[in-house]
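Quick note: the coordinates plus some simple rules give every number you see, no bench work behind them. Note that the structure is predicted; figures quoted are calculated from it, not measured. As a convention, Cβ positions derive from the backbone with ideal geometry for all residues, glycine included, and neighbour counts pool all protein chains shown.
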Amino acid sequence: MGSNYKLTYNVDMVFCIDCTGSMDNIIEIVKTNALNFYNDVTNTMAAKNKHITQLRVRVVAFRDYVADGADAMMVTDFFRLPQDAATFEKCVRSLRADGGGDDPEDGLEALAYAIKSKWDTEGMKRRQVIVVWTDAATHPLGFGMNSGFYPKGMARDIRELSSWWGNAQEKGLMDRNAKRLLLFAPDAPDWNVISRNWDNVLHFPSEAGNGLQNLDYEEIINVIANSL
Amino acid sequence: MKHGLSCLFVVAEEMVAGHGEDSYYYAATENRFIAAAFDGCGGSGSKKYENYSKQTGAYVASRAVSGGVKTWFDSGKKENEMQSYVQASLDVLQKYADAGGRVFGSLGKAFPTTAAIVSGNISKRNTEITLSWAGDSRCYLLNANGLHQLTSDDLDDEDAMSNLYNDGIMTNVINASTPFTLHQLSFRLNEPGIFIAATDGCFGYLKSPMEFENLLVDSLVRAENLQSWKKDLNDRIHAVTGDDYTLTVAAIGYASFLEMQRSLLARHKILNQQYLIPDYDANVLWQQYKQEYSRYLG
């Protein structure tokens, strides 16, 4: 019988974190949550008798190419947790909330970086999860392309970014069954365009300009654990 | 075949006490019975509601819909009216939900739950069975020919084997915010059989569908009596699962527990000789096994 048989999970997560000035009142909370994340998720999973074989986390910190130039985007490789916990902590603690210029931010570029991650394709069960934390609407893709720091090979528009995500007809860059997008973002363009049109999306609307205080951390952890 | 209900019971457990998102309902009268399992969808229904004791939409939905199905059963109305009772239970949930409970996105649904329901009308001459379902919970028939999945999963995936590893996305689920279908299928039962309504916590953490059949059959043929079968089923599922689980069982047409056991002895042997070979390639065996397992699927 299969009593010794246990399903195991390989989980890749990318945190896209808005680090502009308006996030000032909650950035420390987001950072603390990110650092507690490994223990919280594995404990929640273990309580459900689910065992993560490998958990990798990547950070994409974003602002605004026009306003912040070289500081507009900070992208890391995947950290393997708990092995790389010290480096991951150093990275997360370095995040600070400032800049951003106008109200919308370059969240779509951050999402594009996340989608193009080098996802793990091994393991019995896989999850490829992107989590976006922001209190702002997005600029259209390419808004900051006149900045000398704007990345080459970026999706030209939301249509191309949608094709990177994929759908039932178009494969996309991520595993169709493993991918999940969790948006902790306002009900504002283009987050609401994405949540209305892309598959495998959960969007918890936050109040624009008022941080993410109305979202309970325990609930977020449960959302993520239940998405695995 | 002796027309009538031979046994009716449930095996269920929560992974986290007080927060289980499964629910069930089973009941019988002189000439009707029902065995139903519901699985609140924890991912899409993870929003907590202040007005519902800070429980999740998934937790509340499976219980409310179970209650709606109970109300339908008690009303004595025909199966084709069941969906209106399910809808009514969701309408009540929506009406009293706090406004802050909105979740957007293709996975974000208000009060989502699966359902797998076996109901039957029994007369002296025959037994009419109706299956009602939505989502990835399943109705099965276990008889001398083996285990048969009777309900097609509402999943964006290939079959029962591939879904054990791929976790396809649900394409239809009972919920309060988007249209859904409660599928129904009715037929006449001509031979004894054990009907099972199960949530994926029962079958989704095993290596193959063959392992699930073996869990059921091996447990049954080794049991001393109905109570010990029930306990052993619980122990075996508990040992492998990673989720809340609910298994409701309704056996029809057996004169005794012993007769039910005897009816599966030959199958037990075949299962062990042909489909549970040590170090077997489950995918290869599945190709052969699924011919009978899937014979009632459209």
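Things to note:
- Solvent-free Debye scattering, log10 I(q)/I(0), computed from the Cα coordinates of the stretch B:224-297 at q = 0.19, 0.21 Å⁻¹: -1.21, -1.29
- Cα-centre dipole for the stretch B:5-293 with unit charges at Cβ (Lys and Arg positive, Asp and Glu negative), debye to 20: 840
- Counting Cβ atoms of other protein chains within 10 Å of each Cβ in A:168-175 and taking the mean gives 1.
- Among B:VAL60, B:LEU215, A:GLY153 - extreme Cα towards positive end, dipole of the protein assembly as shown, charges at beta-carbon: B:LEU215
- Calculated diffusion of chain A, Stokes-Einstein form, Kirkwood radius summed over Cα pairs, 4 °C and 1.567 mPa s, µm²/s: 73
- Panel values: the stretch B:5-293, Kirkwood radius from alpha carbon pairs, Stokes-Einstein at 25 °C and 0.890 mPa s, translational diffusion coefficient 127 µm²/s.
- Relative packing of A:197-206, A:148-157, which averages over residues the other C-beta atoms within 10 Å, highest first: A:197-206, A:148-157
- Stretch gain in nm, segment B:ALA239-B:SER53, where the contour uses 0.36 nm per residue and the Cα spacing is subtracted: 63.9 nm
- The stretch B:5-293, relative contact order [Cα under 8 Å, separation at least 6], %: 23
- Euclidean distance between Cα centres, the stretch B:147-197 to the stretch B:232-249, Å: 19
- Helix B:82-96 axis, angle to chain B major axis (alpha carbon atoms, nearest 10°): 40
- Cβ-derived FRET efficiency at R0 25 Å, B:GLU292 paired with B:SER123, nearest 0.05: 0.30
- Across the stretch B:89-150, the mean sequence separation of Cα contacts (distance under 8 Å, 6 or more residues apart), normalised by length, yields a relative contact order of 22 percent.
- Mean partner shielding of peptide A:198-205, defined as the number of other chain Cβ atoms within 10 Å of each residue Cβ, is 6.
- Per residue of B:236-242, other chain Cβ atoms within 10 Å of the residue Cβ number 5 on average.
- Folded to 0 to 90 degrees: helix B:226-240 orientation relative to chain B principal axis, Cα: 70
- Length-normalised contact order for the stretch B:167-298 - Cα pairs under 8 Å, 6+ apart - percent: 31
- The charge dipole of the stretch A:1-113, taken about its Cα centre with unit charges on the Cβ atoms of Lys, Arg (+1), Asp and Glu (-1) only, comes to about 1020 debye.
- Cα-based radius of gyration of the protein assembly as shown once divided by 2.2 N^0.38 Å, which approximates compact folds: 1.05
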